[in-house]
Amino acid sequence: MNAKALPGQPHIAYRGNELFIEDVRLADLARQYGTPLFVYSRAAMLAALGAYQRGFAGRKAQICYAMKANSSLAVLQLFARAGCGFDIVSGGELDRVLAAGGDASKIIFSGVGKTRAEMRRALQIGIGCFNVESEAEIDVLNEVALATGTRAPISIRVNPNVDAKTHPYISTGLKGNKFGIAHERTLAIYQHAAALPGLHVVGIDCHIGSQITQESPYLDAMDRVLDLVQAIESAGIPLHHIDFGGGLGIDYNGDTPPAADALWAKLLAKLDARGYGQRQLMIEPGRSLVGNAGVCLTEVLYLKPGEQKNFCIVDAAMNDLPRPAMYEAYHQIVPLAPRPGAASTWDVVGPICESGDWLGRDRNLNLHAGDQLAVLSAGAYCMSMASNYNTRGRAAEILVDGDQVHLIRRRETAADTFQHESLL
Ligand code: LLP
């Protein structure tokens, strides 16, 4: 049968009039497991990882999946088995990675607000590197390491003051952002860190933002980081690795980010030209590994045509898919079984009692109550950001592998949502 893949998502395709993920009919999953339901393609995740692996063939590179994008245990397990390390930002993420079988030595710990308890635990299990984000944190980490009788491996996260040209909430490499250490201060702070007995300087790190769809911010940031590497090493502080962070965008709605291997071909050419091509590299991709590997299935509850707007009320909401409400993000919404005939314009909204609870605005769809829809590009920053607002249990998650279906998270019940509470 002819398959018609969706743009940017080769593992999600219409076969005839029915939407499939790999070899599984999505309507069957909606029927069996209910909606809202997240469904991921294993092959899509591995293909996305493959693009990075191809890009790094013959190089010393460690891919550390930024697990905040999707931290479900089975997803972490899949990436751990494929050889990935992990970029974590909390003690909770550390425990999750370990529960999923991640290798402690391949963990890097980012984030501007690490607590002493988090540092202690990370030191005890022997993580690979702390990406330190402030002068104050350097001194605290030194103290904690000395108190635990260890030496903390560190990179300093540089803020290169480069515009990632993305949404302001997810741009992190500008002077006005809370992240990293100002470019101009970096050398002095490396000198300070290198003299501290509880620290072991191992690298340099930078991450300039997320959903980056152009090459130029990466190339600019790389130049700035390499200038610093040169200055730091000239001051007698060797750097074992260079970490370029994550941030590569995906195609949500006709976006055209570079492919991971094409982007890295350019970045590696720059590294080679400047004599750093054989240096140990690290990267921290999140969204680009999982975003277009997942969909969220939802059912149309009610159609509510109106004078100014037609509302299509579905059973998924901003607690399941927070990105439209938070960033006015666009996710494509498509029917599992398109109907022939004329479409109308609908705002697709959830049941939550907030006007911000919308999933898509002004969408042309031919809809009836009871129809099932797929919200696309839902593999990253959806389930990991989901909440229980309005006492809605979080959705179930499925990982598809060919024609195999794995329930990787059961649906939360109402009782699950209040199990840790007590009455007076
Ligand atoms: N490394 C660090 C230090 C980060 O802060 C992030 C993301 C990443 C790596 C991974 O970036 P990625 O490859 O996924 O772009 N919730 C927002 C995105 C927040 C990104 C935060 N940091 C969204 O839904 O668009």
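The single condition among (1) at pLDDT 95 or above; (2) out of contact with any Ser or Thr (no Cβ under 7 Å at 6 or more places or on another chain); (3) in a helix (DSSP H, G or I); (4) within 15 Å of the ligand (Cβ to nearest atom) that ALA221 does not satisfy is (1).
Take GLY203 and decide whether it is within 30 Å of LEU6 (Cβ to Cβ), within 16 Å of the ligand (Cβ to nearest atom) and buried (at least 20 other Cβ atoms within 10 Å of the Cβ). No. In the set VAL295, VAL314, only one residue is under 16 Å from the mean Cα position of the chain (by Cα), under 29 Å from LEU29 (Cβ atoms) and hydrophobic (A, V, I, L, M, F, W, C); that residue is VAL295. In the stretch 1-20 there is at least one residue that is modelled with pLDDT under 95, touching a Leu at 6+ places or on another chain (Cβ under 9 Å), at negative phi and not in a loop (DSSP other than H, G, I, E, B). If the condition is being more than 14 Å from the ligand (Cβ to nearest atom) and at pLDDT below 75, then the stretch 166-185 contributes LYS175, GLY176. Checked against (1) within 21 Å of TYR252 (Cα to Cα); (2) charged (D, E, K, R); (3) over 15 Å from the mean Cα position of the chain (by Cα), ARG54 passes all but a single condition, namely (1).
When you look at THR148, is it in the same structural domain as ARG274 (by TED's automatic domain parsing), in contact with a Lys or Arg (Cβ under 9 Å, 6 or more places away or on another chain) and more than 21 Å from ILE108 (Cβ to Cβ), yes or no? No, not satisfied. One residue stands out in the stretch 206-218 among those that are outside any loop (DSSP other than H, G, I, E, B) and under 19 Å from ALA269 (Cα atoms): the one that is farthest from the ligand (Cβ to nearest atom), namely SER216. The C-beta contact set for the stretch 195-212 (first residue polar (S, T, N, Q), second residue modelled with pLDDT under 95, distance under 7 angstrom, 6+ apart or interchain) comprises SER210/THR166; SER210/ILE170; GLN211/THR166; GLN211/HIS167; GLN211/ILE170. Among the residues making up the stretch 397-424, a single one is among the hydroxyl-bearing types (Ser, Thr, Tyr) and touching a Ser or Thr at 6+ places or on another chain (Cβ under 9 Å): THR417. Among residues of the stretch 230-256 being outside any loop (DSSP other than H, G, I, E, B) and more than 16 Å from the ligand (Cβ to nearest atom), the one that is surrounded by the fewest Cβ atoms within 10 Å (Cβ to Cβ) is SER234. Here are LEU267, LEU263, LEU271, LEU281: which of them is within 20 Å of ASN131 (Cα to Cα) and either in contact (Cβ under 8 Å) with a residue 40 or more places away in the chain or acidic (Asp, Glu) (or both)? From the options LEU267, LEU263, LEU271, LEU281, the qualifying one is LEU281. For the structure I just gave you, tell me whether GLN278 is modelled with pLDDT under 95 and in the same structural domain as ARG224 (by TED's automatic domain parsing). Yes; evaluated as a whole, the condition is true for this residue. So is LEU37 assigned by TED's automatic domain parsing to the domain that holds PRO340 and either in contact with a helix residue (DSSP H, G or I) (Cβ under 7 Å, 6 or more places away or on another chain) or on the phi > 0 side of the Ramachandran plot (or both) or not? It is true that LEU37 is assigned by TED's automatic domain parsing to the domain that holds PRO340 and either in contact with a helix residue (DSSP H, G or I) (Cβ under 7 Å, 6 or more places away or on another chain) or on the phi > 0 side of the Ramachandran plot (or both).
Looking at the stretch 260-306, which of its residues are within 24 Å of ARG157 (Cβ to Cβ), in a helix (DSSP H, G or I) and away from the ligand (no atom under 16 Å from the Cβ)? Residues satisfying the conditions are LYS266, LEU268, LYS270, LEU271. Restricting attention to the stretch 325-367, the residues being out of contact with any strand residue (DSSP E or B) (no Cβ under 8 Å at 6 or more places or on another chain), of a type in the set (Ser, Thr, Tyr) and within 20 Å of ASP251 (Cα to Cα) number 1. In the stretch 68-79 there is no residue matching the filter, namely being free of Cβ contacts under 8 Å to residues at least 60 places away in the same chain, under 20 Å from GLU397 (Cα atoms) and touching a strand residue (DSSP E or B) at 6+ places or on another chain (Cβ under 6 Å). If you go through the stretch 103-127 and pick out every residue that is more than 16 Å from the ligand (Cβ to nearest atom), part of a loop (DSSP other than H, G, I, E, B) and under 19 Å from ASP243 (Cβ atoms), you end up with 2. Only a single item in (1) in a helix (DSSP H, G or I); (2) assigned by TED's automatic domain parsing to the domain that holds CYS206 is not met by PRO153, and it is number (1).
In this structure, VAL89 does satisfy being surrounded by 15 or more Cβ atoms within 10 Å (Cβ to Cβ), within 24 Å of ALA122 (Cα to Cα) and in contact with a Gly (Cβ under 9 Å, 6 or more places away or on another chain).
Restricting attention to the stretch 128-141, the residues that are surrounded by fewer than 22 Cβ atoms within 10 Å (Cβ to Cβ) and either more than 16 Å from the ligand (Cβ to nearest atom) or of a type in the set (Lys, Arg) (or both) total 4. Assuming ILE250 fulfils every condition listed in (1) under 27 Å from GLN77 (Cα atoms); (2) touching a strand residue (DSSP E or B) at 6+ places or on another chain (Cβ under 8 Å) apart from one, which condition is it? Here ILE250 meets the rest and fails (2).
The values are calculated or read from the model by the stated rules, or taken from the named source; none is laboratory data. Please read these numbers as outputs of a predicted model, since none were measured by experiment. Every residue, glycine among them, receives a Cβ derived from its backbone with ideal geometry; neighbour counts consider all protein chains shown.
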